[in-house]
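These notes concern the structure reproduced below.
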Amino acid sequence: MEVIIQPSPVAAAKVAARIIEDLIRRKPSAVLGLATGGTPLGLYQELIRLHREKGLDFSGITTFNLDEYVGISPEHPASYHRFMQENLFDHVNILPGNIHIPDGNTKDVPRFCAGYEEQILKAGGIDLQVLGIGHDGHVGFNESTSSLVSRTRIKTLTEQTIAANQRFFSEGETVPHHVITMGVGTIMEARTCLMLAFGEGKGQAVADMAEGPVTAMCPATALQMHRQTILIVDTPAASRLKRTAYYNHVYLNKPDFQKVSAFPVV
Ligand code: F6R
C-alpha cells in the first residue's frame, strides 16, 4: 500500500484528482468506482475544476457507486443519487446512461445485487475505486465483521454509522438502517483503490488499515492484500501511523515515471 501524507484535505484532494485525471487522459473510457460522504467532496470539486478549466472529458467515463440507502427515493436530499448529481455529475459531461448507483428501491434486492456485479463485469471491471473509511474501518458499507470476500448485497448499518450519517438527514428524520453496498470482494477487484481520509477522528482507522493485522473487524485492512492501493491522508489522519517517516521518504524519492500515477492502464 502506498501512503501519501499531505498537509491539508485540499492538498490531498489535488493529489487524488491528478491521479484520476491521469487515468482519464490515458484511458478516456475508464470505469470509476465512486464514494459519497464528506471525504470525497474536495476531490469532486477538483475534478469539476479540471473539467471546466482544463477540458477534462468525462463523456467516455462509466461510473459505479459503492452504495445507497434502502427505502429512500433517488430524489431524497440524503440519497446517494442526489449526492452524486449535486456534487459531481451535474457539473461534468458524463453521460447519464453511464452512471450506475445501487437502486435502494428495488423490489428484489438479491437479484439487483447480482445484476450490479454483472454490470461491473460487463463494463470491463473498475479501473479505479474511490474510497472513504468509517471511524470503525468500514469501506463502502461493509461494517465490522463483514466477509472480506463479500459481494454486492444488503447490509445493516451499525449504530455508530447511523449516528455519523445523521448529519446528512433533516432533524428528527430517521437514517435508514439498511443499505445496498458493493462487497469487500467487489472492491478488491478494482484495479486501483484510492482511499482518502481526513481528520484526527479517522487516525485510528487509518493506522489499523495500513499497519494493523488483517481482520474482518476492520474491513479496510483487506486492502493490505490489494495489489494497488493508494492511501492519501492529511496530517491529523496520519497521526497514529508508525511509519510516517518512511512513507514521506518514499513519496519524496519516487522515480519520475511513478510521480503522477503508478498503475498501468488495462
Ligand atoms: C460512502 C461510503 C462510506 C464512507 C465512510 C466515510 O459511499 O461508502 O464508506 O466513505 O462512511 O464517510 P465520511 O466520508 O462521510 O466520513
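The values are calculated or read from the model by the stated rules, or taken from the named source; none is laboratory data. The structure displayed is predicted, hence computed values, not measured ones. Positions of Cβ are generated from backbone atoms using ideal geometry, with glycine treated the same way; all protein chains shown enter the neighbour counts. For the accessible areas, the whole protein counts, side chains as well, though only heavy atoms, and no ligand, DNA or RNA atoms are used. Shrake-Rupley method; radii C 1.70, N 1.55, O 1.52, S 1.80 Å.
A compact globular protein would have a Cα radius of gyration near 2.2 N^0.38 Å; the ratio found for segment 91-183 is 1.19. Ranked from largest to smallest solvent-accessible area, with a 1.4 Å probe on the protein heavy atoms, 191, 167 come out as 167, 191.
With contacts taken as Cα pairs under 8 Å at a separation of at least 6 residues, the chain carries a relative contact order of 25 percent.
DSSP beta bridges confined to the chain are antiparallel in about 30 percent of cases. Compared with the rule-of-thumb size 2.2 N^0.38 Å for a compact globular protein, segment 178-228 has a Cα radius of gyration ratio of 1.17.
Carbon and sulfur: what percent of the chain's accessible surface (1.4 Å probe)? Don't jump to the answer; show the numbers that get you there.
Values: 6450 of 11840 Å².
Within the chain, the accessible surface is 54 percent carbon and sulfur.
Solvent-accessible area per residue in segment 1-123 equals 44 Å², computed with a 1.4 angstrom probe and all protein chains kept.
For the ranges 107-119, 18-30, 198-210, what's the packing order if you count other beta-carbon atoms within 10 Å of each residue, average per peptide, and put the highest first? Write down the numbers at each step before the final one.
Numbers: 107-119: 14.5, 18-30: 17.5, 198-210: 20.5.
My ranking of the peptides, most packed first, is 198-210, 18-30, 107-119.
The alpha carbons of segment 1-93 occupy a box of 36, 30, 26 Å along the principal axes, longest dimension given first. Per residue of the chain, the DSSP helices (runs of n ≥ 4 H) give a summed -39500 (n - 2.57) that works out to -9500 deg cm²/dmol at 222 nm.
Taking amide H positions as modeled 1.01 Å from N, with prolines and chain starts lacking one, the residues under 5 Å from residue 131 and 5 or more places away or on another chain are 194, 195, 196.
Taken over the alpha carbons of segment 153-250 as equal point scatterers, the Debye sum produces base-10 log I(q)/I(0) values at 0.15, 0.17, 0.19 Å⁻¹ of -0.74, -0.91, -1.08. A viscosity of 1.567 mPa s and a temperature of 4 °C, combined with the Kirkwood radius over Cα pairs in Stokes-Einstein, give a translational diffusion coefficient for segment 86-129 of 106 µm²/s. Semi-axes of the equivalent ellipsoid for the chain, computed as √(5λ) from the eigenvalues of its C-alpha gyration tensor and ordered from largest down, come to 26, 23, 18 Å. Note on residue 173 and residue 214: the extension gain reaches 11.2 nm, defined as 0.36 nm multiplied by sequence separation minus the Cα-Cα distance.
Applying Stokes-Einstein at 20 °C and 1.002 mPa s to the Kirkwood radius of segment 1-53, computed over alpha-carbon pairs, gives a translational diffusion coefficient of 180 µm² s⁻¹. Karplus-based coupling profile of segment 170-182, in residue order and whole Hz: 5, 4, x, 7, 8, 6, x, 8, 10, 9, 9, 9, 4, with θ = phi - 60° in 6.51 cos²θ - 1.76 cosθ + 1.60 and x standing for Gly or Pro.
Hand me the tally of lysine pairs in segment 1-150: alpha carbons under 22 angstrom apart, and the pair either on different chains or 8 or more positions apart.
On the way: 14/27; 14/54; 27/54; 27/122.
Lysine pairs satisfying the spacing and distance rule in segment 1-150 number 4.
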